[in-house]
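Student: Below you will find the structure I want to go over with you.
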């Protein structure tokens, strides 16, 4: 690591929160990232949950080179051929139900903004129902509907946002005979409260099919079906934020397919760009037609950029060619079995959940109290990194201490074995250290 560049980072960069690492980083390939000292780490978060087909996949590199020979960027009204091709591929091969028309922008936050603008213009309303623990972005409208963290200190949010307590089978808000009954009781009460407070101008219900930042929570199918009905009954649109669930990570093409529920609007981002800033929002032809008639606008500097469309097509082709949707189920099952083995060994692993290669591992002090093991989670994550494994942990007092495990879909069994060995070692070392400190 060059000390001059590290000093430059410390002096000139804005600190933007989240995990901070001691070194700078120089390169990434497949499941490996390399720091300035030349040390390699297994990346079990796929960067920021984006490098679905592995870092710097040759197909992505080739796509960038193709764009360099044709065009990186055009005026927003000039639709590149490759953008039309990407829209067609999405509609014919990936989108559920009658979702058909798409707009291509850059980030998940931006996709949420587009979806909310669509829903508000289409319905004439402004009220939005969101799930607790959700994360839809950090821009103005997106931040107002994100409940996972970072809501304080940024001024007055957009009005008309109402929260549905997230369905959490491990920590249910309302205890019933089954996970499904608990989740539906949450929803029933939240809808009653919304109906009491609503001004009658509902616009949308927005939900992640799997609530990732909230602790990798997988709702019961009946809950998602009830969201669909609740939106329809109130004249609201249902929005699925599929930033992390689309394009194979959970073992299906989309979260919509996983649950058998089709939204009115779907947002996609992280997994579409394979590490580059590409996002999409898709809706039905009927909704798009009314929006167009009502003069819907969302023209930005980088809407419909050809560079990113080339990359998006490359990502989708790799997922199809390498059968990564199916592979996510196989490798996800293998990874889950390894975690279940650790769960038999450690009382502190309270719950394992998720789908495909998006898994959550919740740490507790003991399984009876289910008290969140925040110190253990933070220390173990640190030791994992020291031993060559990069993971992400969500530590919220109200939602527990949960590792989000999301390696690239190209991860190998050998890489999974190495990661689990590091985790096993780090967890053992952390427990020993905390025990020594407690008795000292």
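What follows is calculated from the coordinates using simple rules that are stated; it is not laboratory data. Quantities reported herein were computed from a predicted structural model and do not represent experimental measurements. Quick reminder, even Gly has a Cβ in these numbers, built from the backbone with ideal geometry, and neighbours come from all protein chains shown.
Student: At 222 nm, what value in deg cm²/dmol follows for the chain if DSSP H runs of at least 4 each add -39500 (n - 2.57) and the sum is divided by all its residues, to the nearest 500?
Tutor: Numbers: 15 runs with 185 residues, N = 440.
Computed mean residue ellipticity for the chain: -13000 deg cm²/dmol.
Student: To continue, here is another question. What's the ranking of 9-16, 243-250 by average number of surrounding C-beta atoms within 10 Å, highest first?
Tutor: Working: 9-16: 7.9, 243-250: 28.8.
Ranking, from highest mean packing down: 243-250, 9-16.
Student: Between 196, 391, 236, where does the largest GNM mean-square fluctuation fall for the chain, given springs only between Cα atoms within less than 10 Å?
Tutor: 196
Student: Could you tell me the center-to-center distance, by alpha carbons, between the stretch 319-350 and the stretch 163-217 in angstrom?
Tutor: About 27 Å separates the Cα centre of the stretch 319-350 from the one of the stretch 163-217.
Student: Regarding the chain, what whole-number volume in Å³ per residue does the convex hull of its Cα atoms give?
Tutor: Values: hull volume 70.7 nm³, N = 440.
Measuring per residue, one finds 161 Å³ for the Cα hull of the chain.
Student: Based on alpha-carbon atoms only, what is the radius of gyration of the stretch 59-321 relative to the globular estimate 2.2 N^0.38 Å? Working shown, then result.
Tutor: On the way: Rg = 18.3 Å, N = 263, 2.2 N^0.38 = 18.3 Å.
Rg over 2.2 N^0.38 Å, computed on Cα atoms: 1.00.
Student: For a quick check, take a GNM of the chain with Cα springs below 10 Å and name the residue from 150, 177, 35 with the largest mean-square fluctuation.
Tutor: Checking each option, the largest mean-square fluctuation is seen for 177.
Student: Have a look at 133, 17, 356 and tell me which one the Gaussian network model of the chain (Cα, springs below 10 Å) gives the largest fluctuation.
Tutor: 17
Student: Based on alpha-carbon centroids, what's the gap between the stretch 80-157 and the stretch 236-298 in Å, whole number please?
Tutor: 8 Å
Student: Based on the Kirkwood radius over alpha-carbon pairs, what value in µm²/s does the Stokes-Einstein equation return for the translational diffusion coefficient of the stretch 284-330 at 4 °C and 1.567 mPa s?
Tutor: Numbers: Rh = 13.7 Å.
This corresponds to a translational diffusion coefficient of 95 µm²/s.
Student: Within the stretch 217-233, what residues put their amide N at less than 19 Å from the label point 7 Å along the Cα-to-Cβ vector of residue 98?
Tutor: 228-233
Student: When ranked by the protection proxy of mean other Cβ atoms within 10 Å per residue, highest first, what sequence do the peptides 330-339, 401-410, 429-438, 50-59 form?
Tutor: With the highest mean Cβ count within 10 Å placed first, the list reads 401-410, 50-59, 330-339, 429-438.
Student: Here is a follow-up. By average Cβ neighbour count within 10 Å, what is the ranking of 185-191, 270-276 from highest down?
Tutor: 270-276, 185-191
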